[in-house]
Amino acid sequence: MKKNIFIALLTASFLFSSSIPVNISADADNTTESYYTVTFLDYDGQELSSLKVKPGENIDYSLIDTDSDPRLNRHLDIYTEQAFSSWNMTPETTDKDITIKALSKTAVISQEQLPDKTLYFSKNGKVSLDGLKVLITMTTQIPTGNNGDFTEETFTVDISSNCTAVPATLEEAFKEGDSSTIEIFPAGQDKMIASYNIKWFEDFGDVNRDNTVDAVDATAVLRAYTLAISDSDYVVPDNIKQFGDINFDGTIDGIDATLLLRYYTLKISDSGITLDEFLEMHDIKPVMP
C-alpha cells in the first residue's frame with residue numbers, strides 16, 4: 001500500500017514540474033514580435049526618417065512628403081535647383097533592416113555666351129540679345145533595379161529666346177549717357193544670369209562732323225584712302241579713323257567709302273533705316289572702339 005502511494009506521489013510531482021517550462025515558453029512566444037527598421041536618407045546620406053515594420057507588412061512611403069519636404073526640394077545656389085526624382089529602391093516589404101536613399105533631379109541654369117552686339121548707333125529700338133546662349137541642364141538619377149543602384153540621364157534645353165534684358169530698350173539704356181549695363185534674366189527668374197556693357201556711338205560715319213552722314217563723308221573717306229596708298233607720309237586724320245571705319249576691320253579703305261555712300265543712298269530713299277539696321281543687312285558686327 002505504501003509503495004503504491006509513493007509511486008502516485010512521484011508521478012504527480014514529475015507531471016507538475018515538467019509542465020512549468022512548457023507554459024513559460026508559450027507565454028514568451030505569444031508576447032515576442034519581430035520588427036525591421038527602414039531608414040530613409042536624403043541625397044547627401046543624412047537621415048530623413050525611419051519606421052518599424054513587421055514581417056510581411058507593407059512599407060509606408062507616404063511617411064515623407066517628397067513634393068514639399070525642404071530637405072528634398074532646395075536651391076543649392078541661385079542657379080541650381082534640386083528636387084526629388086525617386087527612391088533608389090522601393091520594396092513592398094522587408095525581412096531585414098534596410099536603408100532607402102532619395103534620388104534627385106538637378107536643374108542648372110548657365111550662361112554660355114553673351115550677346116554679340118555691344119555697340120549701338122541709335123537710341124531707337126530694343127537691346128539685341130542675338131548671340132546670347134543660356135542653357136538649362138537637367139540631370140536625373142534613375143534606379144536601375146531594386147538593389148539600390150542607379151544611373152544618371154542628362155539633357156539640355158536652350159532657353160536663350162526666353163531671356164529678357166533689363167533695361168529692354170535703347171532709349172532707357174542710354175537715357176543718362178552713352179553707356180549702360182544690361183542685366184539678363186531667364187524667364188520666370190528674379191535673379192540675373194549675366195550682365196554686360198553696351199555703348200552708344202553718336203553720329204558714326206559722320207567724318208566731317210556736320211551732324212549728318214552723306215556723300216561728303218563717303219568722299220572724304222575715299223580721298224583719305226587714296227592719299228594713304230599714294231603717299232607714304234600721309235597720316236589719316238583722327239576723325240576719319242574714329243568715324244569712318246564703318247566695317248570695323250581696322251583699316252580705312254574704299255570699302256568704307258562704298259558702304260558710307262550706300263548707307264546715304266538708302267537713307268534718303270528710306271528715311272526709316274538706321275545705321276544699326278544697315279550694318280545688320282551687311283552682316284557687320286560693330287566692336288567697341
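The values are calculated or read from the model by the stated rules, or taken from the named source; none is laboratory data. Computed from a predicted model, the values in this text were never measured in an experiment. Cβ coordinates were reconstructed from backbone atoms using ideal geometry, including for glycine residues, and neighbour counts include every protein chain displayed.
Can you name every residue in the range 180-205 that is within 14 Å of Phe121 (Cβ to Cβ) and touching a helix residue (DSSP H, G or I) at 6+ places or on another chain (Cβ under 9 Å)?
Ile198, Trp200, Phe201, Asp203, Phe204, Gly205
Hey, can you tell me all the residues within the range 170-208 that are under 29 Å from Val221 (Cβ atoms), free of Cβ contacts under 8 Å to residues at least 60 places away in the same chain and among the aromatic types (Phe, Trp, Tyr)?
Residue satisfying the conditions is Phe174 alone.
Could you identify the single residue in Thr94, Thr118 that is surrounded by 14 or more Cβ atoms within 10 Å (Cβ to Cβ), of a type outside the set (Phe, Trp, Tyr) and more than 23 Å from Thr39 (Cβ to Cβ)?
Thr118
Enumerate the strands (runs of 3 or more DSSP E) found wholly within the range 40-128, keeping only those where 1 or more residues are closer than 30 Å to Ile246 by Cβ, modelled with pLDDT of 95 or more and out of contact with any Pro (no Cβ under 9 Å at 6 or more places or on another chain).
Ranges flagged: 98-113.
Among the numbered conditions (1) modelled with pLDDT of 90 or more; (2) closer than 30 Å to Leu135 by Cβ; (3) not assigned by TED's automatic domain parsing to the domain that holds Lys175, tell me where Val287 comes up short.
Failed condition: (1).
Can you name the number of the only condition in (1) within 18 Å of Glu202 (Cβ to Cβ); (2) free of Cβ contacts under 8 Å to residues at least 40 places away in the same chain that Gly272 fails?
Failing condition for Gly272: (1).
Going by what's in this entry, would Ser232 be described as farther than 27 Å from Gln113 by Cα, loosely packed, with under 14 Cβ neighbours inside 10 Å and of a type in the set (Gly, Ala, Ser)?
Taking the combined requirement at face value, the residue satisfies it.
Being farther than 25 Å from Gly131 by Cα, modelled with pLDDT of 90 or more and part of a helix (DSSP H, G or I) is the requirement here; does Lys267 meet it?
No.
Tell me whether the range 156-171 contains one or more residues that are modelled with pLDDT of 95 or more, of a type in the set (Asp, Glu) and over 21 Å from Thr118 (Cβ atoms).
Checked the range 156-171: at least one residue is modelled with pLDDT of 95 or more, of a type in the set (Asp, Glu) and over 21 Å from Thr118 (Cβ atoms).
Between Gly272, Gly188, which is under 43 Å from the mean Cα position of the chain (by Cα), outside the structural domain of Gln111 (by TED's automatic domain parsing) and not charged (D, E, K, R)?
Gly272
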